[in-house]
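Asks: Questions regarding the structure given below will be posed in turn.
The values are calculated or read from the model by the stated rules, or taken from the named source; none is laboratory data. This is a predicted model, so every value here is computed, not measured. Positions of Cβ are generated from backbone atoms using ideal geometry, with glycine treated the same way; all protein chains shown enter the neighbour counts.
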Amino acid sequence: MKLVLALCVVLLSGKINAEHLRIISVIEPPANYLNARGEPDGFVTDIIHALQKKLSDNTQIEFIPEVRALKIANNHPNILLFSFSRTQKREPLFHWVGKVQSKNWHVISLKGQQLEIDDLQQLKALPSIGVVRGDVREEWLHEQGFSNVSAVTSHEQNIRRLLNGRISSILYELQGLKHVADSLNLDQKMFESVYIANQSDVYILMSKTGTSTALFHRWQQAFSQLSQSGELKAIALKWQARLHRQQNISCEVIDNILVF
């Protein structure tokens, strides 16, 4: 009897360890970031917290650079990532839990540079375009044949490089620009969007290799319940009002998510 009990404990421990979850994100305000108190914050972070409550999950959220996050998710089971753009290249590599955001990619320069961009060929002629290393925007530019891509580890670095004249433009979103500019005590009016290069849909996703289908389905079902109950829309409306009130950022709520 003791042997059977011990065997059950070992098997149960193995199952728990096999489904040990890691939740990983990147600094990408206002979707996910660390606030002034050093706590995870953001529109999509609130969605994750709501899902965790529904699933009785208390996993701590980790923030790491995007290249490392994707590498971990590609090589380890039971990794939940947010917020990452869904692309054709990434499609077969992950389980896709749910769509949480849609955003335009703006080519941003310093006001007064008088850049005129009407198409991708003119964009390719710019001296340099700043991106974050490993970010979907860097990946997309390379796929389009750009050779003027300059990558660093954070959006803050890119904004500083733009101010110092080390790059001529950055590929980013206006809502993220506003958030980072505020954190650096900069006036967003110093910058301007000169072209919308692309658009992406952003998701919560899960590593595929070694991840149990049951674990993925639990999170996917919880997301579906969050949407059907109206809680997902309530989070979006809360953040729509908060972003407009605190940072004068405008966005729409469409199909229960923020669209920038």
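Asks: Among the residues of the range 47-69, what is the count of those that are buried (at least 18 other Cβ atoms within 10 Å of the Cβ) and at pLDDT 95 or above?
Replies: Number of matching residues: 7.
Asks: Sticking with this structure for a sec: Return only the number of the condition from (1) surrounded by 16 or more Cβ atoms within 10 Å (Cβ to Cβ); (2) out of contact with any helix residue (DSSP H, G or I) (no Cβ under 7 Å at 6 or more places or on another chain) that Q88 does not satisfy.
Replies: (1)
Table: residues versus (1) out of contact with any Ser or Thr (no Cβ under 9 Å at 6 or more places or on another chain); (2) over 22 Å from D46 (Cα atoms).
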site	(1), (2)
L162	no, yes
L171	yes, yes
L174	no, no
S193	no, yes
D201	no, no
I204	no, no
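Asks: From W219, W239, which residue is surrounded by 17 or more Cβ atoms within 10 Å (Cβ to Cβ) and in contact with a strand residue (DSSP E or B) (Cβ under 6 Å, 6 or more places away or on another chain)?
Replies: W219
Asks: Take the residues of the range 137-182 that are at pLDDT below 95 and of a type in the set (V, I, T): which is farthest from R245 (Cα to Cα)?
Replies: The selected residue is T153.
Asks: With the requirement that a residue be in contact with a helix residue (DSSP H, G or I) (Cβ under 9 Å, 6 or more places away or on another chain) and touching a residue at least 24 places away in the same chain (Cβ under 8 Å), what does the range 25-41 give you?
Replies: S25, V26, I27, E28, P29, P30, A31, N32, Y33, listed by residue number.
Asks: Give L226, L186 a once-over and let me know the one that is assigned to a helix (DSSP H, G or I) and of a type in the set (A, V, I, L, M).
Replies: L226
Asks: Which of the residues belonging to the range 112-132 are outside any strand (DSSP E or B) and at pLDDT 95 or above?
Replies: If the condition is that a residue be outside any strand (DSSP E or B) and at pLDDT 95 or above, then I117, D118, D119, L120, Q121, Q122, L123, K124, A125, L126, P127, S128 are the ones that fit.
Asks: Right, next: Yes or no: V107 assigned to a strand (DSSP E or B), crowded, with 17+ Cβ neighbours inside 10 Å and in contact with a helix residue (DSSP H, G or I) (Cβ under 6 Å, 6 or more places away or on another chain)?
Replies: Answer is no for this residue.
Asks: In the list L171, L177, L163, L184, which residue meets the criterion of being within 18 Å of L126 (Cβ to Cβ) and without any contact (Cβ under 8 Å) to a residue 60 or more places away in the chain?
Replies: L163
Asks: Within the set of pairs 6 or more residues apart or between chains, which connect a residue that is free of Cβ contacts under 8 Å to residues at least 40 places away in the same chain inside the range 219-242 to a residue that is hydrophobic (A, V, I, L, M, F, W, C) with Cβ atoms less than 7 Å apart?
Replies: Partner pairs satisfying both residue conditions: K233/V253; L237/V253; Q240/C251; Q240/V253; Q240/L258.
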